[in-house]
Amino acid sequence: MKIHNTLGNGFQEVIYQRCLAIELKKTVLTFEREKKQPIYYEGIHVGTRRADFTVENQIIVELKAVINLENVHLAQAKNYVVAYDFPIGLLINFGATSLQYKKIFNPNYNN
């Protein structure tokens, strides 16, 4: 919220990514930005994806800078949570006039 309150909406997603990295560095949380994750289809490697942030090797954080969150954004965040086999994800949209966020659960999480 601090980032959105400070910058408001209207910047590109990468600007918000950089700001969130600055804020996360101020905490005791471990995180990686744009960590690559292999994607498999029937056991065959078909490509890689990068989530904006992984936090504590438990949470995927996906950022957007769009006017309004849509189902496609939720689907993308859910796909990342499942592909990384993380229990939860957080989708944050800085593009709206008010900060939007959704918590995503992995229905297939293997503890």
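Scanning the stretch 72-102 for residues that are under 22 Å from Ile15 (Cβ atoms), part of a loop (DSSP other than H, G, I, E, B) and not β-branched (Val, Ile, Thr) turns up Phe94, Gly95, Ala96, Ser98, Leu99. Here the condition is being in contact with a helix residue (DSSP H, G or I) (Cβ under 8 Å, 6 or more places away or on another chain), β-branched (Val, Ile, Thr) and not in a strand (DSSP E or B); of Ile67, Ile22, Ile3, Ile60, it holds for Ile3 alone.
For Lys36, the conditions (1) assigned to a helix (DSSP H, G or I); (2) modelled with pLDDT under 95 all hold with the exception of (1). If you filter the stretch 1-42 down to residues that are exposed (fewer than 10 other Cβ atoms within 10 Å of the Cβ) and hydroxyl-bearing (Ser, Thr, Tyr), you find that the one that is farthest from Ile60 (Cα to Cα) is Thr6.
The values are calculated or read from the model by the stated rules, or taken from the named source; none is laboratory data. Please read these numbers as outputs of a predicted model, since none were measured by experiment. Because the Cβ atoms are built from the backbone with ideal geometry, glycine has one as well, and the counts that use them run over all protein chains shown.
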